[in-house]
Amino acid sequence: MQDKYHHLDVERSAQSHWTARDAYRVAQDAARKKFYACSMLPYPSGKLHMGHVRNYTINDMLTRYLRMNGYNVLMPMGWDAFGLPAENAALKNGVPPAKWTYDNIAYMKKQMQAMGLAIDWSREVATCDPSYYKWNQWLFLKMLEKGIAYRKTQVVNWDPVDQTVLANEQVIDGKGWRTGAVVEKREIPGYYLKITDYAEELLEHVQHKLPGWPERVKLMQENWIGKSEGLRFAFPHDIRDADGKLIGDGRLYVFTTRADTIMGVTFCAVAPEHPLATHAAQGNPALAEFIESCKKGGTTEAELALRDKEGMRTGLTVIHPITQEPVDVWVGNYVLMGYGDGAVMGVPGHDERDFAFALKYGLPIVQVVQVDGETYDYHRWQDWYADKERGLTCNSFDFSGFHYKDAVEAVAHALERKGLGEKKTTWRLRDWGISRQRYWGTPIPIIHCEEHGAVPVPEADLPVVLPQDCVPDGTGNPLNKREDFLRCTCPVCGKEARRETDTMDTFVDSAWYFMRYCDPHNDQAMVAEGADYWMPMDQYIGGIEHAILHLLYARFWTKVMRDLGLVKIDEPFTRLLTQGMVLNEAFSRTTTGKQYFWQHELDIVRDEHNKVVSATSKADGQPVDYEGWTTMSKSKNNGVDPQALIEKYGADTARLYTMFTAPPEATLEWNDAALEGSYRFLRRVWQFGHRLGGGSEVGGQASEVAQAAGFGRTVKALRHEIHTVLRQVDYDYVRMQYNTVVSGAMKMLNALEDFKALDEPGARAALAEGFGILLRVLYPVTPHIAHALWQALGYAGVQGELVDAPWPRLDEAALVQDEIELVLQINGKHRGSVSVSTHATREDIERAALASEAFEKFAAGAKPRKIIIVPSRLVNVVL
């Protein structure tokens, strides 16, 4: 073997060996316990980033460790290949999204292979491949048959210049991302999936069937599903349309979980699209203009939550159902027509948003809940105003003096008697709108016929194939210009018809890809026996940013597939790990816009704790702002290119560094010095292996440990240290605390390097055994160097190739110590150590301490006054 560690040679050789063996191809095996470990599939944006490196190394370590422990482990990979970034790249570069996507897939796959990941590439899928998205279309048609999929109008973002619908992420400050035009809201038809039919089950299962999920992720799912038990009731009115017909049957319905505050209502707010708002605007140009302005910008609840709360009085009034007093109706830009009844009751006294709205527009504020010891201030919001646990109703006539639950019951009973309200459970969760007015996605398999309307594509005609040579130019969906795609015949009457040009939300693609990995080449079924064997997935790994929508849609999709008889499971993911982000320092300067700088472009001054004091540009000498630690990003010029890192230090170094620096769930702050330290450690491993080899068969020497007898004291101590660390490392692997796995490997190497008693009986065998254990402990995190040393030192000839080698066996006998070493202190200061039998009495320990060379040297003839012993740790002689 070479005397120096040449990482590129080592890694290329190992990867070639594994490829030739097809080492990671996995098949179903009923005789072995299966384990399915999967990382969230990446979007092929061009290059891997360090977040990918970390995510996939976590998965790879788990896969290799479990394989060594006898499991049949599946680790697949694919590509979330449809979506908006490809269209944006097409606009910028003038190339079809398909070419951009497939070129990126090829490059990123090459990077993954350079990382040495134990991926079964025979199962690779790309969601833009017709053989994959055919099944998106097939299941959509099945859902359409069952009534789970349906068509209705939806509110979308419309760019009036490009004449196209924009995704929410394309709307920036209320304007189109490309044209800068003020975005309008329009209603157009689209397809929805009835995820709300599964709301109760989705909530119940997240609470009771996912013990292997992080608590914060489960809470995020619960909050998004958002079960609320409250009261739906009406404000009666006599508002009529132009034909004299009562609008909404003379009732403005709202839903509230705080019926106890009903006597504090001082206004009602309706959505800009509400029929009452439309009616009021007909004779009020100012209101009509305000309503139009409300329709500009984003359409989601999250976006509206960030906007300034604005409103305008309609001039209409409704009647309070209890007091019979008139209540003003306002239009509010924060009220969504698609949520509930598109109206809310305004209780400024006890809702923070309503309080701010009332102060802004000079509306009355009425206190109807009081808390002992608290004083209400009508000019300043205090959190206790909304406290339903301590509060008692007040200023509420017959409902005064009630606790929250009793007040709700009383109000509900009163309104039910009037026929104006009833208790109701509502959900924050809304049906999933899957229609996207974009090109690069799964075509929705619908044909539009003038006579028969929207007609499903026959199953035999699937897939509806997306043309791959379109180049978006910013003037709408290019499919609308492709007659070869658009023109077709109606499956019902055979007359000329047009294909649907909307494509599916890319969350559809990622809602079930993990099941397709189980049966990737089956062209007759969406899933088959592979899913029966591998699912549910045992370990899912991905970022916290996917904690809500992706995971929720995947859970919903699984339940639909179950109800259609395709799978036999309720939940797709048994355990979930959300790895922390990789952070780096960012530097910027703001002039006409924000400019980010790479660190090599700057002169950076740091203090003794390595904290940034100042930074200036090398180009112009001017100051640059330090933004602190933030997620690595190409846009912020603070990313680290994995490819450059692999070439300079090796994939094993990159893997080791990302695992050692922080626990998997924690954020990782990038540190070049620590990266160098990881590289130095691997060089030490190589150098020790080279010294140990010496031309002999080390693997054969390791096997001699079982036959060895009469180990010397130092050899016993080495084996005790190695096996003690092995026991801890094994435990850390099981709980996926990979940073302490690496520190355990470092302890093993230290013990091996510190061992000098080569002449003791069993020394060579113990060193060979210890190094073989170290290589197997390191193998899941740094597989290339471990493989190379395992082969070069002859372990493979005795125990088989490392890829197939079993996890090292813990020798319980090695953990039993004949002697222990105690720290020796004199007057509390460390002066050496003493060795005593593990069965030594207090008197034995005292004699050993007083007879030691260290005591004789430092006591200088003084007599001990007291001896303090801490069992198994130290002995302190007080003079």
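Observations on the structure shown:
- Restricting region 651-703 to residues that are of a type in the set (Phe, Trp, Tyr) and in contact (Cβ under 8 Å) with a residue 24 or more places away in the chain, the residue that is farthest from Pro780 (Cα to Cα): Trp670
- Residues satisfying the stated conditions in region 456-475, i.e. touching a strand residue (DSSP E or B) at 6+ places or on another chain (Cβ under 9 Å), modelled with pLDDT under 95 and either under 20 Å from Lys99 (Cα atoms) or not in a loop (DSSP other than H, G, I, E, B) (or both): Gly474
- Among the candidates Ile869, Ile785, Ile820, residue that is in contact (Cβ under 8 Å) with a residue 24 or more places away in the chain and closer than 30 Å to Thr658 by Cα: Ile785
- Number of the condition not met by Ala763 [criteria: (1) under 22 Å from Met1 (Cβ atoms); (2) surrounded by 23 or more Cβ atoms within 10 Å (Cβ to Cβ)]: (2)
- Scanning region 738-769 for residues that are in contact with a helix residue (DSSP H, G or I) (Cβ under 7 Å, 6 or more places away or on another chain), among the aliphatic types (A, V, I, L, M) and free of Cβ contacts under 8 Å to residues at least 60 places away in the same chain yields Ala745, Met748, Ala751, Ala757, Ala763.
- Annotation: Thr127 fulfils all but one of (1) touching a Lys or Arg at 6+ places or on another chain (Cβ under 6 Å); (2) among the β-branched types (Val, Ile, Thr); (3) closer than 22 Å to Thr503 by Cα; the unmet one is (1).
- Residue count for region 223-238 satisfying the condition of being modelled with pLDDT of 95 or more and acidic (Asp, Glu): 1.
- Residue satisfying condition, being out of contact with any helix residue (DSSP H, G or I) (no Cβ under 9 Å at 6 or more places or on another chain) and either without any contact (Cβ under 8 Å) to a residue 60 or more places away in the chain or closer than 21 Å to Ile225 by Cα (or both), within set Ala528, Ala547: Ala528
- Pair list, Cβ < 6 Å and 6+ apart or interchain, from region 190-210 residues that are polar (S, T, N, Q) to residues that are in a strand (DSSP E or B): none
Listed here are the residues, each with its yes/no results for (1) over 28 Å from Met736 (Cβ atoms); (2) aliphatic (A, V, I, L, M); (3) under 27 Å from the mean Cα position of the chain (by Cα); (4) modelled with pLDDT of 95 or more.
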| position | (1), (2), (3), (4) |
| --- | --- |
| Met561 | yes, yes, yes, yes |
| Thr574 | no, no, yes, yes |
| Lys594 | yes, no, no, no |
| Asp641 | no, no, yes, no |
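- Top-ranked residue of region 60-88 - restricted to ones that are aromatic (Phe, Trp, Tyr) and under 18 Å from Ala511 (Cα atoms), ranked as farthest from the chain's Cα centre (by Cα): Phe82
- Neighbours by Cβ (under 7 Å, 6+ apart or cross-chain): first from region 553-574, within 13 Å of Met515 (Cβ to Cβ); second hydroxyl-bearing (Ser, Thr, Tyr): Lys559/Tyr198; Val567/Thr558; Ile569/Thr558; Glu571/Thr558; Pro572/Thr558; Phe573/Tyr540
- The single condition from (1) of a type outside the set (D, E, K, R); (2) touching a helix residue (DSSP H, G or I) at 6+ places or on another chain (Cβ under 6 Å); (3) assigned to a helix (DSSP H, G or I); (4) more than 19 Å from Leu656 (Cα to Cα) that Thr19 fails is (2).
- Counted residues, region 410-431 - those being in a helix (DSSP H, G or I) and not hydrophobic (A, V, I, L, M, F, W, C): 4
- Residue pairs whose Cβ atoms lie under 8 Å apart, separated by 6 or more positions or on different chains, with the first residue in region 459-487 and within 23 Å of Trp138 (Cα to Cα) and the second of a type outside the set (A, V, I, L, M, F, W, C) and exposed (fewer than 13 other Cβ atoms within 10 Å of the Cβ), are Pro467/Asp484; Arg487/Glu496.
- Of the residues examined, Arg847 is not one that is surrounded by fewer than 11 Cβ atoms within 10 Å (Cβ to Cβ) and either of a type in the set (A, V, I, L, M) or without any contact (Cβ under 8 Å) to a residue 60 or more places away in the chain (or both).
- Taking region 753-868 as the region of interest, the helices (runs of 4 or more DSSP H) fully inside it that hold 3 or more residues being under 30 Å from Gln15 (Cα atoms) and not small (Gly, Ala, Ser) are 763-778, 783-792, 795-799.
- Selection from region 415-470 of residues that are among the small types (Gly, Ala, Ser) and under 24 Å from Arg499 (Cβ atoms): Gly433, Ser435, Gly441, Gly453, Ala454, Ala460
- Checklist (1) surrounded by fewer than 18 Cβ atoms within 10 Å (Cβ to Cβ); (2) touching a Gly at 6+ places or on another chain (Cβ under 7 Å); (3) free of Cβ contacts under 8 Å to residues at least 60 places away in the same chain applied to Pro285, failing item: (2)
- Pick from region 726-737, criterion among the aliphatic types (A, V, I, L, M) and touching a residue at least 12 places away in the same chain (Cβ under 8 Å), ranking: nearest to Gly693 (Cα to Cα): Leu726
- Subset of region 88-109 that is charged (D, E, K, R) and modelled with pLDDT of 90 or more - its residue that is surrounded by the fewest Cβ atoms within 10 Å (Cβ to Cβ): Asp103
- Residue in region 366-387 that is of a type in the set (A, V, I, L, M), at pLDDT 95 or above and under 22 Å from Ala281 (Cα atoms) present: no
- Taken as a whole, region 357-367 holds no residue that is assigned by TED's automatic domain parsing to the domain that holds Ala234, crowded, with 20+ Cβ neighbours inside 10 Å, closer than 30 Å to Leu203 by Cβ and in contact (Cβ under 8 Å) with a residue 24 or more places away in the chain.
- Hits in region 869-879 (condition: farther than 13 Å from Lys829 by Cα and assigned to a loop (DSSP other than H, G, I, E, B)): Pro871, Ser872, Arg873
- Here Gly83 passes the criteria (1) closer than 25 Å to Pro536 by Cα; (2) crowded, with 20+ Cβ neighbours inside 10 Å; (3) of a type outside the set (D, E, K, R); (4) modelled with pLDDT under 95 except the one numbered (1).
- If you filter region 503-537 down to residues that are surrounded by 22 or more Cβ atoms within 10 Å (Cβ to Cβ) and in a loop (DSSP other than H, G, I, E, B), you find that the one that is nearest to the chain's Cα centre (by Cα) is Ala511.
- Picking from residues in region 659-697 that are touching a Gly at 6+ places or on another chain (Cβ under 7 Å) and of a type in the set (D, E, K, R), the one that is nearest to Leu576 (Cα to Cα) is Glu665.
- Applying the condition of being assigned to a helix (DSSP H, G or I) and touching a Pro at 6+ places or on another chain (Cβ under 7 Å) to region 67-88 and asking which residue is farthest from Leu479 (Cα to Cα) yields Met68.
The values are calculated or read from the model by the stated rules, or taken from the named source; none is laboratory data. In this text the structure is predicted, and so the values were computed from the model without any measurement. Quick reminder, even Gly has a Cβ in these numbers, built from the backbone with ideal geometry, and neighbours come from all protein chains shown.
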